[in-house]
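Here is the structure we will look at, set down as C-alpha cells.
The values are calculated or read from the model by the stated rules, or taken from the named source; none is laboratory data. Keep in mind that what you see is a predicted model, and the values were worked out from it rather than measured. So basically every Cβ, Gly included, is an ideal-geometry build from the backbone, and we count neighbours across all protein chains shown.
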Amino acid sequence: MDLAVIGVGHVGLVTAACLADLGHRVVGLDDDAAKIETLLAGGVPFHEPDLPQLLEKVTASGALRFSTELADAIADAEVVFVCVGTPPLPGGGPDLRFVERVAVEVASSVDHELVLVEKSTVPANTGQRLTQVIRREQEARGTDLTNVHVASNPEFLREGVAVHDTLNPDRIVYGTSSDFARDALRRVYAPLVERTGAPVVETDVNTAELIKHASNAFLATRISFINAVANVCDLVGADVEVVAQGMGMDARIGPAFLSAGLGYGGSCFPKDVDAFLHLARNVGYDFRLLEEVGRINAGQRDVVLRKLRDELWHLSGKTITILGAAFKPGTDDLRESPGLHLVRTLMDEGATVRVYDPVAIPGVQAQLPDVATFTDPIEAVTGAHAAVVATDWPEIVKLDLAEVVAALDYPILVDGRNCLDAAAAAAAGLRYHGIGRGHLRT
Ligand code: UGA
C-alpha cells in the first residue's frame, strides 16, 4: 500500500521504517527541514537501537522516502498516519495545535479517498474533533465531504526497544467509523499479523483512544503503587525487591512494571497521566487515583534527597555524582528525566553536581551548561562525596564497585533504580542505600 507518515519524531520515524519493512511504500514527512536533511544524509536524529540499520535497509530499497511537502507525501497515500508532537500545556492537557493543523492541511489538499489515522497520543474524542475540522474545511472549499476517514491506531512502543516493540506487538488496536477505514487498516497490518500472529482489537475511534489512555495510566499506576510499597518497606525494614517478586508470581498480577525506584519519566507517562486526569475532569469525573499516581511519582525524588541528607547532612557545598541522565536506559531522551530533576534540585541546594551518561551527555550540556559532565563513570565519581544511580544503564549495573569505593571521597551510594547487588556493594565497602530496601538496615 502507499502510506504517508506525518511527523518523523520518535514514534513517526519508527512507524515509517517498520511499515516500509512490512512491504508498504511509505513517505515520511516533517516540516523540520533540518531533520529531513539529516535523514536524507543517512543520519538518525536521536538514539534508538536497531533503527539506523532498519532505515538504511528500507531507504536503500526505496520502500521509504522523505519529503517536506504535504501534497507530495499524500499524493498516492491510502492511509496517512499523524505522528506529530502533542506537548503538554501548562494546565495539564496536551497541545493539539499541530494535530489540528495537519488535519486542515490534509483536508485542503486531498483529491482522493484516504484514511487519516491518529497515532500520536491524543485525548479521547480527538477523532470526533478531527472529523469536525476536516468537514468544516471541506465545506468551506466546496470539496468532497466524504473522502477523508478518521481513525485511531494508538502505538504502544517503548523508547529504546521501539523497533522490536513495533515489529513484535502484544496487540494491534485500531478504531474506525467506516468500512473503508477498517478495511484499509486491516490491509496495513495484514503482513504484521501474518508475521507475528499478533491479536487485533477492532473497535470504534473513542474506544481505541481510551485503550491507549488506560494502558499508560495503568502502567504508571503500577509503578507508583510499588514505589509507595517501597516507602513502607523502608520504614518497616522489608525488601521491596522480594515483595515485588512475590507479588509478580501471582498470575493475576504478573512481574512487569514493579521495579521501585526514582519513578517514571519520559515524554509519555508524566504527560499521559496528566492528560487523562485532565480529560476526565473535563467530562465531569474526578479521577483522584491518577492525581495520587503523579504525586507519588514526584515524591520519589525527595526520597533520594532524604537519603542523601541522612548521610551528608547539608547538601550545600557537597559534590554529588548522578550516574545516568536519560529517563531510562537505551535512549538519549532527557524529557521529564527523574535524574535531571534531581540534578536541578541539588544545584538549587548549593551542591556541586557531576553527571555521567553513556549517550545523553550532549543533551545535558545543552540544558545545563554549568554542570560537569562525564562519559566515564569512574572519572565522574572521583572525589565526589556521594553518588546516585538515576538510570539503570548496563554500564552502571556492571560497574566495579571496589573501583567506585576507591574513587569516591566518602563511600556513599544511593541506588535510585535498585539495580546494583546490595550485598556486593556492602562487601565492597559502600554505604549502600536502595529504594525500599529497609531490610539492609535492620
Ligand atoms: C511508554 C509505554 O511503555 C509504551 O507502551 C507507550 O507506547 C509509550 O509510553 C508512549 O505512550 O508512547 P516509554 O515512555 O518509552 O513507553 O518508557 P517505559 O519503558 O514504559 O518506561 C517509562 C518510565 O517508567 C521510565 O522512566 C522507567 O524507568 C520507569 N519504570 C518502568 C519504572 O520506574 N519502573 C518500572 O517497573 C518500569
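Could you please find all residues in the stretch 1-26 being surrounded by 24 or more Cβ atoms within 10 Å (Cβ to Cβ) and in a strand (DSSP E or B)?
The answer is Leu3, Ala4, Val5, Ile6, Val26.
Which pairs turn up if I take residues in the stretch 131-154 that are closer than 19 Å to Val82 by Cα and look for partners that are surrounded by fewer than 18 Cβ atoms within 10 Å (Cβ to Cβ) and aromatic (Phe, Trp, Tyr) with beta carbon separation below 8 Å, at least 6 apart in sequence or on another chain?
Note: pairs meeting the criteria are His149/Phe180.
Taking into account only those residues within the stretch 261-287 that are part of a helix (DSSP H, G or I) and in contact with a helix residue (DSSP H, G or I) (Cβ under 6 Å, 6 or more places away or on another chain), which is farthest from the ligand (Cβ to nearest atom)?
Residue satisfying both the conditions and the ranking: Leu277.
If Asn216 satisfies every condition in (1) within 16 Å of the ligand (Cβ to nearest atom); (2) modelled with pLDDT under 95 but one, which is the exception?
The one condition Asn216 does not meet is (2).
Quick one: how many residues across the stretch 141-159 are farther than 25 Å from Val201 by Cβ and either buried (at least 22 other Cβ atoms within 10 Å of the Cβ) or within 16 Å of the ligand (Cβ to nearest atom) (or both)? Show your work before the answer.
If we filter the stretch 141-159 for residues that are farther than 25 Å from Val201 by Cβ, which is where we start, we get 141-147.
Right, trim to either buried (at least 22 other Cβ atoms within 10 Å of the Cβ) or within 16 Å of the ligand (Cβ to nearest atom) (or both) and you get none.
Within the stretch 141-159, residues that are farther than 25 Å from Val201 by Cβ and either buried (at least 22 other Cβ atoms within 10 Å of the Cβ) or within 16 Å of the ligand (Cβ to nearest atom) (or both) number 0.
Looking only at the stretch 370-401, count how many residues are of a type in the set (D, E, K, R) and either in a helix (DSSP H, G or I) or within 16 Å of the ligand (Cβ to nearest atom) (or both).
Counting residues in the stretch 370-401 that are of a type in the set (D, E, K, R) and either in a helix (DSSP H, G or I) or within 16 Å of the ligand (Cβ to nearest atom) (or both) gives 3.
Whether any residue in the stretch 243-250 is away from the ligand (no atom under 15 Å from the Cβ) and assigned to a helix (DSSP H, G or I) is what I want to check.
Within the stretch 243-250 (the criterion being away from the ligand (no atom under 15 Å from the Cβ) and assigned to a helix (DSSP H, G or I)), the answer is yes, since at least one residue qualifies.
Please work out which residue is farthest from the ligand (Cβ to nearest atom), limiting yourself to the stretch 160-197 and to residues that are among the basic types (Lys, Arg) and within 27 Å of the chain's Cα centre (by Cα).
Arg186
Can you spot a residue in the stretch 260-268 that is of a type in the set (Ser, Thr, Tyr) and in contact (Cβ under 8 Å) with a residue 60 or more places away in the chain?
Yes.
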